Structure formats: C-alpha cells, structure tokens
Amino acid sequence: VSDGNLFPPPKDEAERMNILSKMVAHSQYTLSGDNTLKATDAAIDRMAHDKDMDNSTENYVIVVSDANFSRYNISPQRFGDIMTKDARIAPGVHLIMLASFDDEAQTIVKKLPVGQGHVCLNTSDLPVVLRDILSSALSQ
C-alpha cells in the first residue's frame, strides 16, 4: 500500500461488514489457544504509531473474547495494565466478553478500568454493546 498502511480503513459500510464477516468466519476455525494479551498489546502499539492520532473518535481498540482468562492464565490485572499502557489510547480500549463460566466475566469486569469491560452473554446484544461504547465516547 502506498501510504505504508498494511490495512487501509474500509471505504464504506459494505466494506466494513465484509471485514467483520471475515473476522467471524476466521474465529470459527481458529485452534484453541489464546493470544488476547499479545493481540491487544499489538493493537495498542499500532494505534500509538498511527499518524492520525489527532482524530480521537477513531482511536478504539475493541477486543472481543470469551471470559476464559483463568483457562489461559490471563490475569485481569495484567490485561488492565495493557489496556491503560498508553494514556492517549486507554479511554478507547474496551473488552467485550461473549461467554462465561459461572461468573468469571463479571469478576474480570470488576478488575478492569471502569466502563471498559463489557459482558455480552447473548450475542444478539453485541450491536447494542458496540453502539453504547461508541456513542458514549462521542458524547464526551
């Protein structure tokens, strides 16, 4: 890509939907294992090095995961440290947990920065959770 960006932003809503569809399809065939910490850390680093940091309405890292942190030895505190590692980006970093054993998701949310952890046990509620995240930032 001529501007050095490996993944240019989508041009329109249809292209965004295509990207999201590919992400969902990919996740269905991913082997068990976890890269949540590494992927979140890399996304924040990439955002921090982006030339367009001035436009705060586009500075989001939204992580969608299950709540199996204990299964992969992920500490909620460590995840919170990664979420807040760059003060410019930290308010736009959110974790959405789509599944939970017992109350693990709720326990994780309590240990993350306030308002940045979300539990979505019914996937049909995911659009509402995303809308709430994005609209709350626009109202600030």
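The rows are residues; the columns are (1) touching a strand residue (DSSP E or B) at 6+ places or on another chain (Cβ under 7 Å); (2) at pLDDT 85 or above; (3) open to solvent by less than 90 Å² (accessible area, probe 1.4 Å).
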site: Val1; (1), (2), (3): no, no, no
site: Gly4; (1), (2), (3): no, no, yes
site: Pro8; (1), (2), (3): no, no, yes
site: Asp12; (1), (2), (3): no, yes, yes
site: Asn18; (1), (2), (3): no, yes, yes
site: Ser27; (1), (2), (3): no, no, yes
site: Thr36; (1), (2), (3): yes, yes, yes
site: Ala42; (1), (2), (3): no, yes, yes
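Sort through Arg71, Arg88, Arg78 and tell me the only one that's among the basic types (Lys, Arg), assigned to a helix (DSSP H, G or I) and closer than 23 Å to Ala42 by Cβ. Can you show your working first?
Working: Arg71 fails: assigned to a helix (DSSP H, G or I); Arg88 fails: assigned to a helix (DSSP H, G or I).
On inspection, the qualifying residue turns out to be Arg78.
Check segment 116-136 and report whether any residue there is open to solvent by less than 40 Å² (accessible area, probe 1.4 Å), under 24 Å from Asp50 (Cα atoms) and in contact (Cβ under 8 Å) with a residue 40 or more places away in the chain. The answer is yes; a qualifying residue exists.
Kindly provide the set of residues from segment 36-50 that are farther than 17 Å from Ala87 by Cβ and without any contact (Cβ under 8 Å) to a residue 40 or more places away in the chain, ordered by number. Step through it out loud before you land on a result.
Within segment 36-50, the subset farther than 17 Å from Ala87 by Cβ is 36-39, 42.
Lys38, Ala39, Ala42, listed by residue number.
The residue of segment 100-115 that is modelled with the lowest pLDDT, among those that are part of a loop (DSSP other than H, G, I, E, B) and open to solvent by 40 Å² or more (accessible area, probe 1.4 Å), is Phe101. Just one of (1) under 15 Å from Val129 (Cα atoms); (2) open to solvent by 50 Å² or more (accessible area, probe 1.4 Å); (3) not small (Gly, Ala, Ser) fails for Met97. It is (2). Under the condition of being closer than 17 Å to Lys38 by Cβ and surrounded by fewer than 20 Cβ atoms within 10 Å (Cβ to Cβ), which residue from segment 64-75 is nearest to the chain's Cα centre (by Cα)? The qualifying residue nearest to the chain's Cα centre (by Cα) is Val64.
The values are calculated or read from the model by the stated rules, or taken from the named source; none is laboratory data. All figures in this text were calculated on a predicted structure; none of them were measured in a lab. Positions of Cβ are generated from backbone atoms using ideal geometry, with glycine treated the same way; all protein chains shown enter the neighbour counts. Surface areas here come from the heavy atoms of the whole protein model, side chains and all, with no ligands, DNA or RNA. Shrake-Rupley method; radii C 1.70, N 1.55, O 1.52, S 1.80 Å.
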